[in-house]
1. Farther than 23 Å from residue 147 by Cα, in contact (Cβ under 8 Å) with a residue 12 or more places away in the chain, out of contact with any Gly (no Cβ under 8 Å at 6 or more places or on another chain) and in a helix (DSSP H, G or I): which single residue out of 61, 86 fits that description?
2. Looking only at residues in region 30-53 that are among the aromatic types (Phe, Trp, Tyr) and part of a helix (DSSP H, G or I), which one is surrounded by the most Cβ atoms within 10 Å (Cβ to Cβ)?
3. Regarding region 2-20, can at least one residue be identified that is free of Cβ contacts under 8 Å to residues at least 60 places away in the same chain, within 14 Å of residue 173 (Cβ to Cβ) and assigned to a helix (DSSP H, G or I)?
4. What tally of residues in region 144-163 results from selecting those that are outside any loop (DSSP other than H, G, I, E, B) and closer than 30 Å to residue 65 by Cβ?
5. Can you work out which of the residues in region 120-143 that are hydrophobic (A, V, I, L, M, F, W, C) and assigned to a strand (DSSP E or B) is farthest from residue 101 (Cα to Cα)?
6. Just to be sure, is residue 161 closer than 23 Å to residue 97 by Cα, among the acidic types (Asp, Glu) and out of contact with any strand residue (DSSP E or B) (no Cβ under 7 Å at 6 or more places or on another chain)?
7. If residue 172 passes every condition in (1) touching a Ser or Thr at 6+ places or on another chain (Cβ under 6 Å); (2) assigned to a helix (DSSP H, G or I); (3) touching a residue at least 24 places away in the same chain (Cβ under 8 Å) but one, which one does it miss?
8. Would you pick out the residues in region 124-177 that are of a type in the set (Ser, Thr, Tyr) and over 22 Å from residue 8 (Cα atoms)?
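Just so it is clear, none of the values below were taken in a lab; they were calculated from the coordinates. The shown structure was predicted, so the numbers you read here are calculated from the model rather than taken from an experiment. Using ideal geometry, Cβ is built from the backbone for each residue, glycine included, and neighbour counts are taken over all protein chains shown.
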Amino acid sequence: MRNWINNYLDEQKATLDLIRPEDMEGLIRVFAETFKNDKQVFVLGNGGSAANSSHFVTDFAKGASDAVGTRSRCLTLNDNISWLTALGNDYAYEDVFVRQLMNYARPGDVAMALSVSGNSPNVVKAMQWAADNGLVTIGLVGAKRGKLADIAEHVIEIKSDHYGRVEDAQMTVCHIICYAFMENPAWAK
């Protein structure tokens, strides 16, 4: 058992080493612009990625906003269960995110999707709409990359097929973005 645990931790450390600082600088700049220009941020994902999306929004909208002194308009598209189920029931599950973007999003806003496979139909459809309608698009994907990596303007690829490791690394990416502003609020000015 100890060997398995040690191997798991070693693999997780190696996965974290796949996060490229130059890619993170680009994302931090994108999020700095959302503060400077009062742009809205939409975050989405399924399953563990939905949980990570909610966690990111909490940290960014509260923690980063508190540190910067400017309120971020940051929203996850996963958390309104009555709207999700109405959209899924009345249209199709692949429309649960895109229909929300149609109501809220404006050109220049940011849409960030977390997806290990990069091929979830509801994520791909929403991000294609976002790209077609002038939003800045960010995709956090695993080694399969999927269609999301082809659509997104900014892509952070975690080169692993292990869902848990990719989701953990994606949460690290999200924390880096948030703590960039919590620890360096002047970057948002």
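1. Numbers: 86 fails: in contact (Cβ under 8 Å) with a residue 12 or more places away in the chain.
Going through 61, 86 in turn, just one is farther than 23 Å from residue 147 by Cα, in contact (Cβ under 8 Å) with a residue 12 or more places away in the chain, out of contact with any Gly (no Cβ under 8 Å at 6 or more places or on another chain) and in a helix (DSSP H, G or I): 61.
2. 31
3. Checking region 2-20: not a single residue is free of Cβ contacts under 8 Å to residues at least 60 places away in the same chain, within 14 Å of residue 173 (Cβ to Cβ) and assigned to a helix (DSSP H, G or I).
4. So the answer is 7.
5. So the first thing to find is which residues in region 120-143 are hydrophobic (A, V, I, L, M, F, W, C), and the list is 123-124, 126-127, 129-131, 135-136, 138, 140-141, 143.
Still in the list and also assigned to a strand (DSSP E or B): 136, 138, 140-141.
On the way: 136: 13, 138: 15, 140: 18, 141: 20 Å.
The selected residue is 141.
6. no
7. Residue 172 satisfies every listed condition except (1).
8. Result: 137, single match.
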